[in-house]
Amino acid sequence: MFKGEEAIQRKPRLGMLLPTRALLMGNGRPADMEPVLEIARMAEEAGLDSVWVGDSLTAKPRPEPLTALAAVAARTSRVRLGTAVLLAALRHPVSLAQAAGTVELISGGRLVLAVGVGGAFNEAQRREWWNAGVDPATRASRFEEVVSVARRLLAGETVTHHGRHFHLEGVSVEPASPRGAVPVLVACHWRANVDRQFRRAAEFGDGYMSISDHPHEYVKVGERVRDLSAELGRDPAGMEAAFYVTVNLNDDEAVAAEEADRFLHGYYGINIWDERWGPYGPPELAADRIRAYADAGADTVIVRFASFDQPGQMRVFIERVVPEVYGRG
């Protein structure tokens, strides 16, 4: 059976991006994390599979993702806790492993690390790398070392590693994962058309995640990653496929599009990939898009609201999108 057919038959798992970036986009500094924690609570009570947080240091400010997930872990009991995506190359593998192991311990083994190389497409992004002491030209090779070493440390190994960026001699980290491993999803996109990203997913990941592909492109991502995984002797059937959609839910399409445009300009500084975001409009359109990605092979579809009213969007999503995706019976 084609993977897309299997996915739509059993329906995708739904995840929700928590509004850690949106928390800092209002007027003044937030007093607490309650708006983020409330969305996480709503997601768990609605039966969603997972909640996720994004990452940025200075280019798109937000709470640090693993610290934020530790707080979410203490308020929830079932949902998976993911990063979408963590900029692994901003971190040292030892400190990353310790932080991730701590979230694993607090959550009882619910962490998923979706990781990406990250961009350096504008001045704010380039400054972000330099602010962390990282030459942005080295971020891809640094990413591979960080992910490889951190995975071994989280598995409880004692690691000796001498690479281009890091040198470790007999290092182990506690707490390691109580499961003996933390699932890793690697960001890759068909539109980028760089073969190395697919190879990274096949080599370093337990799955892959895309954010910018149309459904027909996402099919090609899955085919390429699974083919490369098989070449490496890994079981492609065991890989999780995730996709991240951006929506605004409003029966008035013009109102939805206008708010989404304002939100995404505030989020990124520019509205990148404008034609690849969406849909903006009636909730049924969002349900159709989620089903389209499930049909294209996504096991997990993560939803982000391009809206300044995150709780309101969440209520509409639970009332009108989730029943459409999962059936009303």
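How much of the accessible area of the chain, in percent, comes from carbon and sulfur atoms when a 1.4 Å probe is used?
On the way: 6860 of 13640 Å².
On the chain, the fraction of accessible area on carbon and sulfur atoms equals 50 percent.
Which percentage, to the nearest 5, of the DSSP beta bridges contained in the chain is antiparallel? Don't skip to the answer; put the middle values down first.
Details: 3 of 37 bridges.
Expressed as a percentage, antiparallel bridges in the chain total about 10.
Taking only the Cα atoms of region 220-262, how large is their convex hull per residue, in Å³? Don't skip to the answer; put the middle values down first.
Numbers: hull volume 4.4 nm³, N = 43.
Considering the Cα atoms of region 220-262, their hull volume per residue is 103 Å³.
Averaging over every viewing direction, what projected area does the convex hull of the Cα atoms of region 88-232 cover, in nm²? List each step's numbers first, then the result.
Working: hull surface 37.2 nm².
With every direction weighted equally, the projected area is 9.3 nm².
Before I look further, what does the chain give for accessible area per residue, probe 1.4 Å, in whole square angstrom?
Numbers: 13640 Å² over 329 residues.
Value returned for the chain: 41 Å² of accessible area per residue.
Got a sec to turn the phi values of region 254-265 into Karplus ³J(HN,Hα) couplings, 6.51 cos²θ - 1.76 cosθ + 1.60 with θ = phi - 60°, whole Hz, x for Gly and Pro?
With the stated coefficients, region 254-265 comes to 5, 5, 4, 5, 5, 5, 4, 5, 5, 5, 6, 5 Hz.
Amide H to amide H, which residues 5 or more places from residue 168 or on other chains are under 5 Å from it, using H placed in the peptide plane?
For residue 168, whose amide H was placed from the backbone, the distant partners under 5 Å are 161, 162, 163.
Through the Karplus equation 6.51 cos²θ - 1.76 cosθ + 1.60, θ set to phi - 60°, convert the phi angles of region 170-177 into ³J(HN,Hα) values in whole Hz; use x for Gly and Pro.
Once rounded to whole Hz, the list reads x, 9, 10, 10, 10, x, 7, 5.
Can you pull the Kirkwood radius for region 230-301, inverse mean 1/r over Cα pairs, to one decimal in Å?
13.9
Please give the calculated 222 nm ellipticity per residue for the chain, where each DSSP H segment of at least 4 residues contributes -39500 (n - 2.57) and the sum is spread over every residue; nearest 500 deg cm²/dmol?
Numbers: 12 runs with 139 residues, N = 329.
Mean residue ellipticity at 222 nm (helix-derived): -13000 deg cm²/dmol.
With θ set to phi - 60°, apply the Karplus curve 6.51 cos²θ - 1.76 cosθ + 1.60 along region 285-290 and write out the HN-Hα couplings as whole Hz, x wherever there is a Gly or Pro.
My calculation for region 285-290 gives 5, 5, 4, 4, 5, 4 Hz in order.
Return the FRET efficiency for the residue pair residue 75, residue 121: r is the Cβ-Cβ distance, R0 is 41 Å, and the value is rounded to the nearest 0.05. Before the final figure, lay out the partial values.
Working: r = 35 Å, r/R0 = 0.85.
That pair, residue 75 with residue 121, gives E of 0.75.
Which residues' amide hydrogens lie under 5 Å from the amide hydrogen of residue 302, considering only partners 5 or more residues apart or on another chain, with H built in the peptide plane?
15, 243, 244, 245
Direction-averaged shadow area of the convex hull around the Cα atoms of region 159-294, nm²? Spell out each step's value before the answer.
Details: hull surface 46.0 nm².
Dividing the Cα hull surface by four gives the mean projection, 11.5 nm².
Using the beta-carbon distance between residue 158 and residue 214 and R0 = 51 Å, what value does 1/(1 + (r/R0)^6) give for FRET efficiency, to the nearest 0.05?
Rounded to the nearest 0.05, the efficiency is 0.70.
Which value in Å is the Kirkwood Rh of region 162-242 over different Cα pairs?
On the way: mean 1/r = 0.0713 Å⁻¹.
For region 162-242, inverting the mean 1/r across all distinct Cα pairs yields 14.0 Å.
From the list (1) 5, 21, 23, 20, 17, 11, 4, 0; (2) 6, 26, 37, 25, 6, 1; (3) 5, 23, 32, 25, 12, 3, 0, can you say which value of P(r) over Cα pairs in 10 Å bins from 0, in percent was derived from the structure given?
Given (1) 5, 21, 23, 20, 17, 11, 4, 0; (2) 6, 26, 37, 25, 6, 1; (3) 5, 23, 32, 25, 12, 3, 0, the calculated one carries the label (2).
Starting from one equal scatterer on each C-alpha and no solvent at all, send me the Debye-based log10 I(q)/I(0) for region 1-140 at q = 0.11, 0.13, 0.19 Å⁻¹, two decimals.
After summing over all Cα pairs, the log10 values are -0.46, -0.63, -1.13.
The values are calculated or read from the model by the stated rules, or taken from the named source; none is laboratory data. All figures in this text were calculated on a predicted structure; none of them were measured in a lab. Here Cβ is always computed from backbone atoms with ideal geometry, including for glycine, and neighbour counts include all displayed protein chains. Calculation scope for accessible area: heavy atoms of the full protein, side chains included, ligands and nucleic acids excluded. Shrake-Rupley method; radii C 1.70, N 1.55, O 1.52, S 1.80 Å.
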